[in-house]
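The values are calculated or read from the model by the stated rules, or taken from the named source; none is laboratory data. Just so it is clear, the structure is predicted and the values come from calculations on it, not from any experiment. Backbone-built Cβ (ideal geometry, glycine too); neighbour counts: all protein chains shown.
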Amino acid sequence: MDTRGKSNAEFHNEVNEALAGHESSFDKVNSTLQVVLTKLQALCTIRNPNPNSSEINPFAPEGLSQFHTSCSLNTNGQPHPYLKLSFPRFDGIDPTGWVYKAEQYFDFHDIAFAQQVQLVSFHQDVIILQWYRWMNKFRGPLKWSEFV
């Protein structure tokens, strides 16, 4: 915004016009976010119709302040608590314990059988990753039972 040669009133009007334009943009963004939030609430309600598992959402429009946060369901249809679980890395010690932890992770996150070995391959160290690549090259994709 060039202010040279403008009076104070002209500058003030120009600033007010710019602010009005920004407010209009913020209103559009806010209304779009409200639509997205409403759709997300509907999806979560469909997946988890239990009203006891909701919490207040300060961004929801009036009358829609309940937002189900537990959208991830386990095999019993119950919501998983929000936990950040990292896939266990195999350090070469206690392979049986590592396999148990990996299978627990698969069960908790409902990882499909076809994706289990691929997920494991992302979390391997150099030597094990080299072995896995060699096996994959000469035998093709492995099943979890073959990998174990």
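Observations on the model:
- When every residue of segment 123-141 is checked against the conditions, none turns out to be part of a loop (DSSP other than H, G, I, E, B) and among the hydrophobic types (A, V, I, L, M, F, W, C).
- The conditions of being at pLDDT 75 or above, surrounded by 12 or more Cβ atoms within 10 Å (Cβ to Cβ) and small (Gly, Ala, Ser) are met by Ser121.
- Residues in segment 92-128 that are under 25 Å from the mean Cα position of the chain (by Cα), within 14 Å of Trp144 (Cβ to Cβ) and of a type in the set (Phe, Trp, Tyr): Tyr105, Phe106, Phe113.
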